[in-house]
1. Test of understanding: among Ser493, Ser468, which residue is open to solvent by less than 70 Å² (accessible area, probe 1.4 Å), under 33 Å from the mean Cα position of the chain (by Cα), over 27 Å from Leu598 (Cα atoms) and among the small types (Gly, Ala, Ser)?
2. Which of the residues belonging to the stretch 474-501 are under 20 Å from Gly590 (Cα atoms) and outside any strand (DSSP E or B)?
3. Those residues that are in a helix (DSSP H, G or I) and either of a type in the set (D, E, K, R) or open to solvent by less than 50 Å² (accessible area, probe 1.4 Å) (or both), I need them from the stretch 633-648; list them, please.
4. Which pairs do you get when a residue that is of a type in the set (Lys, Arg), found in the stretch 298-316, comes within reach of a residue that is open to solvent by less than 10 Å² (accessible area, probe 1.4 Å) and in a helix (DSSP H, G or I), reach meaning Cβ atoms under 7 angstrom, with the pair 6+ apart or on two chains?
5. Exactly one of these conditions fails for Arg597: (1) buried (at least 21 other Cβ atoms within 10 Å of the Cβ); (2) part of a loop (DSSP other than H, G, I, E, B). Give me its number.
6. List every residue pair whose Cβ atoms sit under 9 Å apart, with the two residues 6 or more apart in sequence or on different chains, where the first one lies in the stretch 242-269 and is touching a residue at least 60 places away in the same chain (Cβ under 8 Å) and closer than 17 Å to Glu292 by Cα and the second, anywhere, is surrounded by 22 or more Cβ atoms within 10 Å (Cβ to Cβ) and of a type in the set (S, T, N, Q).
7. If we scan the stretch 56-69, do we find a residue that is over 24 Å from Gln399 (Cβ atoms), among the small types (Gly, Ala, Ser) and assigned to a strand (DSSP E or B)?
Amino acid sequence: MIRRLVMIVLLTGAAFTRADEVAAPAGPLPDTVVPAHYRLHLSIDPRQATFSGQTEIQVAIRAPLRTIWLDGLGLKVKSASVTASGHTLHAHYEEIDHDNGLARLLVDAPLPAGTAVLRIDYEAPFQSAPQGLYRTRVGKDWYAFSQMEAIDARRVFPCFDEPRFKTPFDVEITTHGADLAVTNTPQQHAANAPGGTKLHTYETTKPLPTYLTAFAVGPLQIVEGTPVAPNAVRRTPLPLRIIGTQGAAARFQFALEQAPELIRRLEGYFGIAFPYPKIDLIASPIHLGAMENAGAIIFAEDLLAFVQPPTPRQQSNFGSVAAHELAHQWFGDLVTPAWWDDIWLNESFAEWMGSKIADQWRPQLGIAQEQLDGTLSAMHTDSLRAGRPIHQPVTRNSQISSTFDDITYQKGAGVIGMVESYLGEDRFQRGVRLHLTRHAYGTATAADFFSAMAEASGDRGVIDAFESFVNQPGVPLVNVSAAADGSLALAQSRYRPLGPAAGAPEVRWKIPFCADLYLAAQPHKLCTMLTEANGTLAVPSMLRGAIVHPNADGAGYYRFTVDAALWQSLLSLAAHLPPREAMTLADSAGAAFDAGRLPFRGLFQAAQVLANHPDRTTALSLGYRLGSLHDRMASPAERVLLERALVALYGERLGKLGYDATSGRYASDAPEEQLLRRELIGLVGLTGRDPRVRAALTPFAERSVTDPAAVESLLRSRVWALGLQERGAPIFEQLKTLAISSPDAQVRADAGFALGYAEGPLVQDALALTLDPALEVRSALRVIFELMMNPRTRDAAWQWLGGHEDAVLGRVPAMFQSFYASIGDNFCSVPERESFNAVLGTRLRSLNGGELAVDRALEGIDSCSALRASLGDSVTVTLTEALH
């Protein structure tokens, strides 16, 4: 018997030794241990620098082992143990990777296969940036909120921090004094505990990945909304609350009234009841954007809280962001990506769906056009050789943050919209419903989604189309010409701007190509699947000779070229085209200019035609491109001409709209007019520096910095920016106070926007302010990026940034630090390229996602330099002629 026991120990010991020799995983954790259930107890007092917790994780051990790999970052573990087969063993916790938070438990004795419970007691610091569990002070009160995505749950509790691991959670939170606590599920009960504390216990969650857990603690104000009424897919009322800091409750009325409508529309589209027992919308003063935690969405405060009736801009921001995050409750939360390489589908779909629902909710706000504008902007990134496919392999934790960019959100949304346009809304919707029903409360891959879409639509070709756009980078360019037989000849290639010689192989796409043919100003939609380098779109005889728009409804994720005759006929119709088609025409014109195929004269001609388009986003599209040319590559003399050109293009339209900034002056105007006025003040007054606009609005700035209500809130940020440039230090000091201390989140945001327009000696003061922790991170980022965009302040801002990069990066969550590489988008010469790479590029390469971000920035500088060289004196010649 003794000999047998010795042999067993020796044999099992050899197995453990082999398992312990496995290298630390840089990406997915080993499948040898799988979590099945969490019990979390957190003691959270935001007044303190740290919080404490006890985590119990029920796991399945699939093979005998002694080392358990898991995730934890910055946790000070007091004790750890593993209970298996009725025995509790001491374990040693060790953090291996201090950048990405990989940890391991080393157990004193071998663990057999089967069920076990890990127990870890620990303490951890609150974060100051919105990552993990962070705290912030409002007045005299302290609050704690969470932000777990992508891999920051490990800062809050030890866990298996991957989306594929969906388990139920049991949560208890100990609070102090009169603090309240909120998490993903309704509270079951709260009981007084020793030391003036209270223990809150919550219902068990549905299966969730760690990144969708959420916490908010402090002297919160909870506003109960009317439960969302039952409907055809949900038989019981859905509890709805909005939660914020002290004094914010009165500002939530609009969001409380409108959120149910968004939820009802989403339930109607998905045909599935809201997947969780309640929905809380939580307003955090320093959150960046919003996060779709199941049943407990956390928003930046200014997305939910409105002191006055919300402006059209605030309504649009609320609707599009809230619809995006609510769409995630099904697409992302109910069905979760199995791994981070498919997070694109999660975010792409929510971006597309959120825009669709929000546009239905408030069609007068132009939300669908704004989303398309984001997709067209993503084409700029996607056209670079330093790119990535939407579906990017993720083998290391350090690659995860690079998947959260405009390729994921905006290109992905564009591709989804293109496929819907090709299949039709009904067939596409059936595929969505099939996918969600199949994988409810579980995980799925993009391949699962494609399969459901093909099955429901009856079109297997849609899989090839999806995969061709998802699995390779780049933007297709479709050349359209009239064939002798009356059809349209199509030829596809990869779009490329001017720049370094091509280094990537040519690629092909399966393009769902749809064109609108205009006959007597009426569109007729024709579609085909362009699967080869060349193809044909058959045109019925009755439509031959019609004006061709090669991107029906602007739904196709591609750019187009046509011959000179087709281009002129299309341009003649441009001012009367539907907004989305006019926008893709403007984008293709701008892209042809960037590629050196359209001279500046042609670009300016298109801008002149589209400047008076009735749709706001369309009318402004090429104006902003001229503004970018002004800011980035124009000489001082060319900048003066471009400023005059912007005033010539848009000044008269602004004058007709009026720009009296008295509060309420234009309240009865249509939302499109109100929003257009706001943007035109920026283009004409700020970029164009029109003296009439500046003189008229500066007095409003002087009055309203002491009383923000004295100016129309929709125009306030632009008015303050103009006033700051005109009056300097007195307005700067008032804006500084407002940006830090105003109780109104929108006033703080407006003041932060305006501070980015400081000029002259005030630039140094504005930059120094960005390091003050009292200034919200979003405002600090805005100031730095605006000062870098302005050619008058860029050199001073860049010199300052070179001496403060550590402090600047330290204010931003680790996941987003590599985004600072986009500062390189402001440079346009070889010396600036070298300076960028030396000062910031080398540093950012070492960060998660930094290598790709820096490569993109450097290539962008190269492309800008090449375009600048190709222009010669064409800007001066064209504008001199046009302005005289």
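1. Checking each option against the conditions leaves just Ser468.
2. Gly474, Val475, Tyr495, Arg496, Pro497, Leu498, Gly499, Pro500, listed by residue number.
3. If the condition is that a residue be in a helix (DSSP H, G or I) and either of a type in the set (D, E, K, R) or open to solvent by less than 50 Å² (accessible area, probe 1.4 Å) (or both), then Glu638, Arg639, Leu641, Leu642, Glu643, Arg644, Ala645, Leu646, Val647 are the ones that fit.
4. So the pair list comes out as Arg313/Leu675.
5. (1)
6. Pairs found: Gly244/Ser284; Ile263/Gln329; Leu266/Gln329.
7. Yes: the stretch 56-69 contains one or more residues that are over 24 Å from Gln399 (Cβ atoms), among the small types (Gly, Ala, Ser) and assigned to a strand (DSSP E or B).
Residue by residue, here is whether (1) open to solvent by less than 30 Å² (accessible area, probe 1.4 Å); (2) under 14 Å from the mean Cα position of the chain (by Cα); (3) within 29 Å of Gln258 (Cβ to Cβ) holds:
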| residue | (1), (2), (3) |
| --- | --- |
| Arg313 | no, no, yes |
| Gly332 | yes, no, yes |
| Val335 | yes, no, yes |
| Trp339 | no, no, no |
| Asp342 | yes, no, no |
| Ala350 | yes, yes, yes |
| Gly366 | yes, no, yes |
| Thr381 | yes, no, no |
| Pro389 | yes, no, no |
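The values are calculated or read from the model by the stated rules, or taken from the named source; none is laboratory data. All values reported here derive from a predicted model rather than from experimental measurement. Cβ sites come from the backbone with ideal geometry, for glycine too, and all protein chains shown count toward neighbours. Ligands, DNA and RNA are stripped out before the accessible areas are found, and what is left, the full protein with its side chains, is counted by its heavy atoms. Shrake-Rupley method; radii C 1.70, N 1.55, O 1.52, S 1.80 Å.
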